[in-house]
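These notes concern the structure reproduced below.
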RNA sequence: GCUCGCAUAGCUCAGGCGGUAGAGCACUUCAUUGGUAAUGAAGAGGUCCUCGGUUCAACUCCGAGUGUGAGCACCA
């Protein structure tokens, strides 16, 4: 006689075991119709699940984020069924839910075309109309293997064989289609209201490049047609923020065939770059980093000693000159150790924080390059902290504080934090790994923000924290990082004299706040959709005349603002004011200063903000105050 | 690197059963001195990514290369 407690705290008693859907029916027919699944004592289940003892129950509908996940997961099955109706020889593999949608990977003799996608979508619609019931069943591993072998679904057989233990497996059937699945799923194929197949691309079986390539079809599914439309609009808006597009329109940088993966920075883009660099230099100074600069070309032997040559030789650019092999530096750490190694270091010198805006080159795989986000030539805001084991924790904590302060100035409040811990192949004792992982964990916990643990993904020399931001299409881009390294200092002979006059190896912390200037600026452009805040804007204000009678006044005003250190220019062309306003608004200049006879007479400028807001007439002094305040606020809260 | 797609004027894009191409914006010139998102007119601008092949003829068809897009793999 189960007693069901609903989310609002009310309870209902039933004579006999009931299903989720029966409970929904007893509450109301509308809810029963909308029910997609249930959550029983916190666990997601099918709406057909029988509840036989007292339980907490929530009815899941499309309004629930879990409900949306159920729809999407079921939609992946729907798509697989449609694919197999159209292409009986296509084998199914896996079809999980991803952000905003789902995908399913198929093994098929050829790639699917956009026309195929349309056909698949059409068949999906037909299956929805057929209103097939989705039924759960349970089978033993052996039965399942036999069934899929019989069906010729080799990939499913592999999946089942790789599931450990001999627990029973659950399956979902709708019409002629059956798939191995944990569920839960929607009760019937009529549950789908809005879906769309978005793209097709190759993907390796089991994510391993040595395996064959499958065909991955991506789709999206929503609780209503309206939500689907909103999503598609959101995608369109996001595309407009693409830094590659804005980089061209705003004349910031370009790429060309002769230098793949290497940006040509134009005056305006370089201005942003320089502003970011000036800012970082100041931050580093304030935080007791010593800035250095090291060679671009270093004899190959150093990379052999550091261990990078053996691991990354294919990704390093090398140069031969006078029978000597050099590598263009792919990273700065070995060079920083060379600086550390000059002169005898004492424990009193630690922690020693060296920083460099270090230009690096890496031969990134062609398919991995992406605008400014992943390039072959980039500059890191690199830094290495040489310290003792005891100092790790405080240094990591300080770094995280610094990083958040910087991100805040750039207008980023949402940072994705991840901790990558010891990989299988590693150097250093477990004790040391315990300690360094713990230091990083403590630092992460101290931020008070959620973070994700990624076991086994650390570098071979130590664990790391990665701080990522999202680009306009929701792709996660790693920016800041801090990594503990117990290995490289030793390999390259770094030592300091301890209190007991013994020689000790320092611990090295690799750290970067922005990561690379290129990627970070790419992220910034997308974050602001090109509307750079005043402190970063290449041109902070532009003075516009109405007629050429005001030219001298405009030039004098420009000169005075430049003397105050502002980035200003004039547009005195013989064009109508509306035309010039439009043009410079499209160029996203923060302030447009209009000067006509009225302003000349009163010694003012008419200030128009980027968004179109009219701030009225201002004197030189008033405008300076305004711009100074704007610049001083950085990008906080923008 | 892998799968699939794409490459035409500075930019955004049309176009053609194989007979060397067009629009809008930008650019140049002229007129216009106009108060907050496009003044009008005229002009100039292209080895249709590169190299091979097929063909009387290739920007168009085929192949290779390069770059690029989406996804996968990689990311010290």
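Given the structure, is residue A:346 more than 31 Å from the chain's Cα centre (by Cα) and surrounded by fewer than 20 Cβ atoms within 10 Å (Cβ to Cβ)? Criteria met by residue A:346.
Looking across segment A:448-481, the residues that are more than 11 Å from the chain's Cα centre (by Cα), away from RNA strand B (no atom under 11 Å from the Cβ) and surrounded by fewer than 18 Cβ atoms within 10 Å (Cβ to Cβ) come down to A:448, A:449, A:450, A:452, A:453, A:454, A:455, A:456. The residues of segment A:373-383 that are more than 14 Å from the chain's Cα centre (by Cα), under 21 Å from residue A:407 (Cβ atoms) and either buried (at least 21 other Cβ atoms within 10 Å of the Cβ) or near RNA strand B (Cβ under 9 Å from one of its atoms) (or both), listed by number, are A:378, A:380, A:381, A:382, A:383.
I need the full set of residues from segment A:134-153 which are in contact with a strand residue (DSSP E or B) (Cβ under 8 Å, 6 or more places away or on another chain) and loosely packed, with under 13 Cβ neighbours inside 10 Å, in order please. Within segment A:134-153, A:137, A:138, A:140, A:152 meet the criteria. When the residues of segment A:138-158 are narrowed to those that are more than 16 Å from RNA strand B (Cβ to nearest atom) and in contact (Cβ under 8 Å) with a residue 40 or more places away in the chain, which ends up nearest to the chain's Cα centre (by Cα)? The residue in question is A:156.
Among the candidates A:311, A:329, A:345, single out the residue that is within 12 Å of RNA strand B (Cβ to nearest atom) and either in contact with a helix residue (DSSP H, G or I) (Cβ under 9 Å, 6 or more places away or on another chain) or farther than 26 Å from residue A:519 by Cα (or both). Spell out how you get there, then give the answer.
Details: A:311 fails: either in contact with a helix residue (DSSP H, G or I) (Cβ under 9 Å, 6 or more places away or on another chain) or farther than 26 Å from residue A:519 by Cα (or both); A:345 fails: within 12 Å of RNA strand B (Cβ to nearest atom).
Testing whether each residue is within 12 Å of RNA strand B (Cβ to nearest atom) and either in contact with a helix residue (DSSP H, G or I) (Cβ under 9 Å, 6 or more places away or on another chain) or farther than 26 Å from residue A:519 by Cα (or both) leaves just A:329.
How many residues, within segment A:434-453, are closer than 28 Å to residue A:469 by Cβ and assigned to a helix (DSSP H, G or I)?
At the first step, the residues of segment A:434-453 found to be closer than 28 Å to residue A:469 by Cβ are A:436-453.
Filter once more, keeping what is assigned to a helix (DSSP H, G or I): A:436-447.
Summing the residues that are closer than 28 Å to residue A:469 by Cβ and assigned to a helix (DSSP H, G or I) in segment A:434-453 gives 12.
Table: residues versus (1) surrounded by 15 or more Cβ atoms within 10 Å (Cβ to Cβ); (2) more than 16 Å from RNA strand B (Cβ to nearest atom).
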position	(1), (2)
A:164	no, yes
A:185	yes, yes
A:191	yes, yes
A:195	yes, yes
A:207	no, no
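Look at (1) within 11 Å of RNA strand B (Cβ to nearest atom); (2) more than 30 Å from residue A:565 (Cα to Cα) and you find that residue A:300 fails only one, number (1). The strands (runs of 3 or more DSSP E) found entirely in segment A:555-625 that carry 2 or more residues being within 9 Å of RNA strand B (Cβ to nearest atom) are A:591-595, A:604-609, A:614-619.
Say we look at segment A:249-270 and pick out the residues that are within 25 Å of the chain's Cα centre (by Cα) and assigned to a helix (DSSP H, G or I); which of these is nearest to RNA strand B (Cβ to nearest atom)? So the residue we want is A:249.
Sort out which residues of segment A:332-342 are within 16 Å of RNA strand B (Cβ to nearest atom) and surrounded by fewer than 19 Cβ atoms within 10 Å (Cβ to Cβ), and write them in order of number.
Within segment A:332-342, the subset within 16 Å of RNA strand B (Cβ to nearest atom) is A:332-338.
The one that is within 16 Å of RNA strand B (Cβ to nearest atom) and surrounded by fewer than 19 Cβ atoms within 10 Å (Cβ to Cβ): A:338.
Among the residues here, residue A:568 qualifies as closer than 17 Å to residue A:607 by Cα and crowded, with 19+ Cβ neighbours inside 10 Å.
In the set (1) without any contact (Cβ under 8 Å) to a residue 60 or more places away in the chain; (2) over 17 Å from residue A:459 (Cβ atoms); (3) in a helix (DSSP H, G or I), residue A:303 fails one condition alone, (2).
Looking across segment A:28-60 at every residue that is assigned to a loop (DSSP other than H, G, I, E, B) and in contact with a helix residue (DSSP H, G or I) (Cβ under 6 Å, 6 or more places away or on another chain), the one that is surrounded by the fewest Cβ atoms within 10 Å (Cβ to Cβ) is identified as A:49.
Note on segment A:588-638: residues that are surrounded by 17 or more Cβ atoms within 10 Å (Cβ to Cβ), closer than 28 Å to residue A:526 by Cα and touching a strand residue (DSSP E or B) at 6+ places or on another chain (Cβ under 9 Å) total 11.
Every number here is computed from the coordinates shown, using simple stated rules; none is lab data. Values in this document were obtained by computation on a predicted structure and should not be read as measured data. Glycine also receives a Cβ, built like all others from the backbone with ideal geometry; neighbour counts cover every protein chain displayed.
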